[in-house]
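The values are calculated or read from the model by the stated rules, or taken from the named source; none is laboratory data. Keep in mind that what you see is a predicted model, and the values were worked out from it rather than measured. Cβ atoms come from the backbone with ideal geometry, glycine included; neighbour counts cover every protein chain shown.
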Ligand SMILES: Nc1ncnc2c1ncn2[C@@H]1O[C@H](COP(=O)(O)OP(=O)(O)O)[C@@H](O)[C@H]1O
Ligand SMILES: CC(C)(COP(=O)(O)O)[C@@H](O)C(=O)NCCC(=O)O
Ligand SMILES: [K+]
């Protein structure tokens, strides 16, 4: 059994894979006393643990300590790579890229084997473009919904608003409307740019993942929802390492 973990800046996503497929999955907090609640099996039955994380080094070490107290199997962290299996990273300093982005792209590459766009709507929203040859063409990093909201709350003294996830992007007539509609308006603009770029580049497949994925889909993003794209890419890489 393989335990795969995607520890982002907001949440930890975990999945237990067995020979026949997914056995269990869930959410946790990387700093929690138990970051993998509801893990349904005894620690001895897990043979490998693979981790993809963009959390701080302190949080990563806390997680590894916690895992090694519970699981006797080898625990391995996976990072961004220059290339794998025809997928080529556009970063000259590939280690700088968040591991989640690389693993999501690899998960998409395994499925598509042609050009695609990955939108990962997590704490930050990342958009990555990959051409038909597997060449990563580059990407974007912008603040996620909660990050944008928080920055308005924290960094502006006189913006008081009640947050709500409206789909209305018409001009607001109160502070709350201006903020809530404004965030929807920005998300719609992002969606429009992704659609435009996919059309211009002749890239058909758009995949979306992350906690904010369903909101983007509800706002009109024409993409395939792949909630476990990071874990899929990570699990495939760990499986290759075993057979190396
Ligand atoms: N209903 C929602 N609408 C939009 N965004 C959401 C919603 N719920 C969660 N999110 C976003 O998803 C993030 C958590 O998703 P996740 O993919 O687990 O992030 P991370 O990988 O950074 O931990 C939150 O920080 C938030 O920005
Ligand atoms: C951009 C990110 C913060 C997204 O992480 P998330 O919001 O999903 O937790 C993460 O991929 C990261 O820390 N990247 C490092 C910088 C880079 O990718 O270039
Ligand atoms: K993520």
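A few points about this structure:
- Members of segment 5-25 that are within 16 Å of ligand 1 (Cβ to nearest atom) and within 16 Å of residue 234 (Cα to Cα): 5, 6, 7, 8, 12, 13, 14, 15, 25
- Extreme residue, nearest to the chain's Cα centre (by Cα), among residues of segment 27-52 that are within 15 Å of ligand 1 (Cβ to nearest atom) and not in a loop (DSSP other than H, G, I, E, B): 52
- Just one residue in the set 24, 55 is out of contact with any helix residue (DSSP H, G or I) (no Cβ under 6 Å at 6 or more places or on another chain), assigned to a loop (DSSP other than H, G, I, E, B) and not assigned by TED's automatic domain parsing to the domain that holds residue 129; that residue is 55.
- Of the numbered criteria (1) at pLDDT below 95; (2) within 15 Å of ligand 3 (Cβ to nearest atom), the one residue 98 fails is (1).
- Annotation: residue 141 fulfils all but one of (1) over 21 Å from residue 10 (Cα atoms); (2) exposed (fewer than 15 other Cβ atoms within 10 Å of the Cβ); (3) in contact with a strand residue (DSSP E or B) (Cβ under 6 Å, 6 or more places away or on another chain); the unmet one is (1).
- Some residue of segment 159-182 being closer than 16 Å to residue 207 by Cα and part of a helix (DSSP H, G or I): no
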